[in-house]
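The values are calculated or read from the model by the stated rules, or taken from the named source; none is laboratory data. Remember, predicted model here, so these are calculated numbers, not experimental data. As a convention, Cβ positions derive from the backbone with ideal geometry for all residues, glycine included, and neighbour counts pool all protein chains shown.
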Amino acid sequence: MTRIAQESAAEALQYGPTEGFDETKAAVRMVMEAEGMSPEPEDIIVTTGGQQALDLIAKTLVDPGDVVVCEAPTYPGAVPVFCSYEAETHQVPMDDDGMRVDQLEELCERLASEGRKPKFIYSVPSFQNPAGVTLSLERRRRLVELAHMREILVIEDNPYGLLRYEGEAQAPLYQLDGGDYVIYVGTLSKILSPGIRIGWAVAPPPVMEKIALGKQATDLCTSTLSQYFALEYFGEGRWRDYIGSLREIYRSRRDAMLEALDRHFPPQATWTRPHGGLFVWATLPDYIDTSDLLAKALRENVAFVPGAAAYVDGRRGSNSMRLNFSASTADEIREGVRRIGAVLSEQVQLYETITSEHRLPQPAQREPSGDVVPFRAPRGEA
Ligand SMILES: Cc1ncc(COP(=O)(O)O)c(C=O)c1O
């Protein structure tokens, strides 16, 4: 920032092109190349975070009542996007290998029999927010095949792909598809800083044209100052090392959280074991409401995201929670999980005392979601 102030303040404080500077696009290509993708510069638009890319894509493609498909649970920040454009959103369950693509196929078949087709399928295939699970290669291939066969766009939202702590990297959907049906969304938020608000979308020209028009209406261009800042950062050539250091730190924090969960959560709870990303998803007995539990946890000065936020109808997921392991030290994580575990165990014991029941989770409860349930946002309500 000091360098920018001294050397390029006048340019950095001006408007820039709506689609972003060529230099920013070159940096975006470098980041995508690290995961095996090489998009054309003209297919890239720099956005104000990945969040704006999602909003612009929905603004471009969705008319009220259109079908959108996403995972169950889905990224909580996508829920208000789909609702505000009045999509009819269907959520497809996941298991430890990500979205159940077989159930997605059934859903597409059912919709086709009604003469309908999703406008797009939205997925966070790697280290999903909030579930922490990753779509297997086999399912990735199947999903891309399905998109080609039925001519349906797929939105691949990939903020966490470079934050892998164990196992083999999986090919992004964009790479498998070659950019025909997959629109890609990326961000610097998780590998540099969320505060600079730099994200991007990669889309084929006809869609890109409309996205750029939508962005002009929204904010004219992504902050020039932020783009200059990012370019200085990439210019230093240490970005891969920095991600390497994040991986080390986050891996040990994830391990601390998983150990603490084993130690402090009651046996009635289950949780995912992410190979990367920032989140663990815990599923609790169905009589626990995590919104109520949050109020109790907050009194102990510890927080989590209640699972209902990851469901478009807000009626499901109330016995689940998203736990973040990136933002606190390993010691804080151990203490936080201990405190949540204590309020949770108290609730479980209370329930079992009142009902004289002793239940351990059934296999069905281990999955992060339930049936495919459509939800249509009421008109005029965000
Ligand atoms: C899956 C997913 N998409 C998009 C975003 C938005 O990120 P940003 O707007 O900071 O790039 C996030 C942030 O947590 C996310 O997890």
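Taking the range 10-26 on its own, how many of its residues are buried (at least 23 other Cβ atoms within 10 Å of the Cβ) and hydrophobic (A, V, I, L, M, F, W, C)?
Total meeting the criteria: 0.
Would you tally the residues in the range 153-164 being touching a Pro at 6+ places or on another chain (Cβ under 8 Å) and more than 20 Å from PRO118 (Cβ to Cβ)?
1
Can you tell me which residue within the range 182-231, out of those that are among the small types (Gly, Ala, Ser), away from the ligand (no atom under 15 Å from the Cβ) and not in a loop (DSSP other than H, G, I, E, B), is farthest from ALA53 (Cα to Cα)?
Filtering the range 182-231 down to residues among the small types (Gly, Ala, Ser) leaves 186, 189, 193, 195, 199, 201, 203, 212, 214, 217, 223, 226, 230.
Then keep just the ones that are away from the ligand (no atom under 15 Å from the Cβ); that gives 203, 212, 214, 217.
So of that shortlist, the ones also not in a loop (DSSP other than H, G, I, E, B) come out as 212, 214, 217.
Values: ALA212: 10, GLY214: 10, ALA217: 13 Å.
By that ranking, first place goes to ALA217.
With surrounded by fewer than 16 Cβ atoms within 10 Å (Cβ to Cβ), more than 24 Å from ARG140 (Cβ to Cβ) and aromatic (Phe, Trp, Tyr) as the only criterion, which of TYR242, TYR228, TYR233 stands out?
None of the others qualify; the one that does is TYR242.
Please return the ranges of strands (runs of 3 or more DSSP E) entirely within the range 11-118 where 3 or more residues are more than 16 Å from the ligand (Cβ to nearest atom) and among the aliphatic types (A, V, I, L, M). It would help to see each step written out before you state the result.
Numbers: elements: 44-47, 67-72, 88-95.
Counting at least 3 such residues, we get no strands (runs of 3 or more DSSP E) at all.
Which pairs turn up if I take residues in the range 331-347 that are in the same structural domain as TRP281 (by TED's automatic domain parsing) and look for partners that are aromatic (Phe, Trp, Tyr) with beta carbon separation below 7 Å, at least 6 apart in sequence or on another chain?
ILE333/PHE325; ILE340/PHE304; GLY341/PHE265; LEU344/PHE265
Please work out which one of (1) without any contact (Cβ under 8 Å) to a residue 60 or more places away in the chain; (2) in contact with a Leu (Cβ under 7 Å, 6 or more places away or on another chain); (3) within 14 Å of the ligand (Cβ to nearest atom) is the condition PHE127 fails and give its number.
The one condition PHE127 does not meet is (1).
When the range 244-266 is examined, which residues are found to be over 20 Å from ARG164 (Cβ atoms) and touching a Leu at 6+ places or on another chain (Cβ under 7 Å)?
Hits for the range 244-266 are PHE265, PRO266.
Considering only the range 60-72, I want to know if a residue exists there that is at positive phi, outside the structural domain of SER320 (by TED's automatic domain parsing) and either at pLDDT 95 or above or touching a Lys or Arg at 6+ places or on another chain (Cβ under 9 Å) (or both).
Yes, the conditions are met somewhere in the range 60-72.
One residue is enough: does the range 155-177 have a residue meeting the conditions within 13 Å of the ligand (Cβ to nearest atom), of a type in the set (A, V, I, L, M) and within 30 Å of VAL280 (Cβ to Cβ)?
Yes, the conditions are met somewhere in the range 155-177.
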